[in-house]
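K.L.:
This is the structure I want to talk about, given as structure tokens.
The values are calculated or read from the model by the stated rules, or taken from the named source; none is laboratory data. Given the structure is predicted, the values throughout are model-derived calculations rather than measurements. So basically every Cβ, Gly included, is an ideal-geometry build from the backbone, and we count neighbours across all protein chains shown.
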Amino acid sequence: VLGIAGTGADNRTVLLTGLAGLLSGALSMGAGEFISVRSQRELLAASTMGSAHVEAYPHLDVNANELALVYRARGMSPEQAQAHAKRQLLAWPNVDAPPASAARHELVGSGLSAALSSFAFFATGAAVPVLPFLLGSTGVVALVIASILVGAALMLTGAIVGVLSGAAPLPRALRQLAVGAGAAAVTYGLGSLFGATLG
């Protein structure tokens, strides 16, 4: 939003660009999160023994080295494969216990819920600088209001992160504000430069 405003574009152009960026960014984040979670679940499923493996395992003459070769063929590093094979062999006597994969899948979560959450959070954050333009403010007034709203949102986010991580909220809030303000200043400067060059 600040980059387009820096080019000297009119209020309508800034608003449409901001809304387009909001939707495209939120959809991109949601799609990326969905693919990431689904891929992680598939990798977990590929590295976990299923029911067929459980039934066949007692009849196999296999040791940790041979099992490690199987995991290496699936793409694990030699160290990871060896460690995973040892864990599987040590866990084998307790085959009646619920498979660990269920808990691991629960920790990873659902791809759809992760995508929706990512979409909602990104859209909420991206809507903050667009609000003044959406409500009819124009020019410098809209930019000042947008900057204040974004600064407040950044400080609130930083303070929440500080509280959740057990650190002092004020330094985290100020750090978040400084990083965001720096990025906004660079974006506005580039927009002004492009506007002057192309205009």
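K.L.:
For the range 133-149, which positions are more than 15 Å from ALA5 (Cα to Cα) and crowded, with 19+ Cβ neighbours inside 10 Å? Write out each step before concluding.
P.N.:
Of the residues in the range 133-149, the ones more than 15 Å from ALA5 (Cα to Cα) are 135, 148-149.
Once the filter is applied, which keeps residues that are more than 15 Å from ALA5 (Cα to Cα) and crowded, with 19+ Cβ neighbours inside 10 Å, the range 133-149 yields nothing.
K.L.:
Related question: Please find, among GLY189, GLY166, GLY182, the residue that is in a loop (DSSP other than H, G, I, E, B) and either surrounded by fewer than 16 Cβ atoms within 10 Å (Cβ to Cβ) or among the β-branched types (Val, Ile, Thr) (or both).
P.N.:
Working: GLY189 fails: in a loop (DSSP other than H, G, I, E, B); GLY182 fails: in a loop (DSSP other than H, G, I, E, B).
Every option except GLY166 fails the conditions.
K.L.:
Does VAL161 meet the test of being within 20 Å of GLY21 (Cβ to Cβ), touching a helix residue (DSSP H, G or I) at 6+ places or on another chain (Cβ under 6 Å) and part of a helix (DSSP H, G or I)? Talk me through it step by step, then tell me what you get.
P.N.:
Details: within 20 Å of GLY21 (Cβ to Cβ): no; touching a helix residue (DSSP H, G or I) at 6+ places or on another chain (Cβ under 6 Å): yes; part of a helix (DSSP H, G or I): yes.
Criteria not met by VAL161.
K.L.:
How about the range 12-46: which of its residues are over 24 Å from the mean Cα position of the chain (by Cα) and buried (at least 16 other Cβ atoms within 10 Å of the Cβ)? Quick ask: steps written out before the conclusion?
P.N.:
So the first thing to find is which residues in the range 12-46 are over 24 Å from the mean Cα position of the chain (by Cα), and the list is 12-16.
Listed by number, the residues that qualify are VAL14, LEU15.
K.L.:
Ok, one more. Just wondering, is there one or more residues in the range 85-95 that are under 28 Å from the mean Cα position of the chain (by Cα), modelled with pLDDT under 85 and assigned to a helix (DSSP H, G or I)?
P.N.:
Of the range 85-95, the ones under 28 Å from the mean Cα position of the chain (by Cα) are none.
No, the conditions are met nowhere in the range 85-95.
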